């Protein structure tokens with residue numbers, strides 16, 4: 001299969017997905033191990049998971065737009081395969097971090 005040039009927004013938000021998947025997993029670990037962070041997140045929106053979701057979605061959008069507008073496709077030589085690998089890699093790595101954390105603390 002030949003790799004074709006991709007749209008800057010597909011690239012930007014694909015890389016953003018990778019980054020925010022990892023940040024999401026790290027935020028789970030941080031808030032579950034740091035009581036002041038959990039208290040703050042509960043106070044911010046009424047429930048820590050709502051705050052968690054808002055933070056991840058806002059970061060996804062900001063990072064995605066930033067990467068989309070920095071000519072990343074050409075700079076990083078991004079193509080369909082690299083973006084697909086980043087999306088899958090981010091999802092799998094994030095899931096492993098979260099599952100590993102909860103398994104280790106079960």
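The values are calculated or read from the model by the stated rules, or taken from the named source; none is laboratory data. The model shown is predicted, which means the values in this text are computed figures rather than measured ones. As a convention, Cβ positions derive from the backbone with ideal geometry for all residues, glycine included, and neighbour counts pool all protein chains shown.
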Checklist entry - When region 81-106 is examined, which residues are found to be assigned to a helix (DSSP H, G or I) and more than 18 Å from the chain's Cα centre (by Cα)? => result 81, 102, 103, 104
Checklist outcome for this item: Restricting region 3-43 to residues that are in contact with a helix residue (DSSP H, G or I) (Cβ under 9 Å, 6 or more places away or on another chain) and outside any helix (DSSP H, G or I), the one modelled with the lowest pLDDT turns out to be 3
Next on the checklist: Just the residues that are surrounded by 13 or more Cβ atoms within 10 Å (Cβ to Cβ) and part of a helix (DSSP H, G or I), please, taken from region 67-80.
Outcome noted: 67, 68, 72, 73, 80
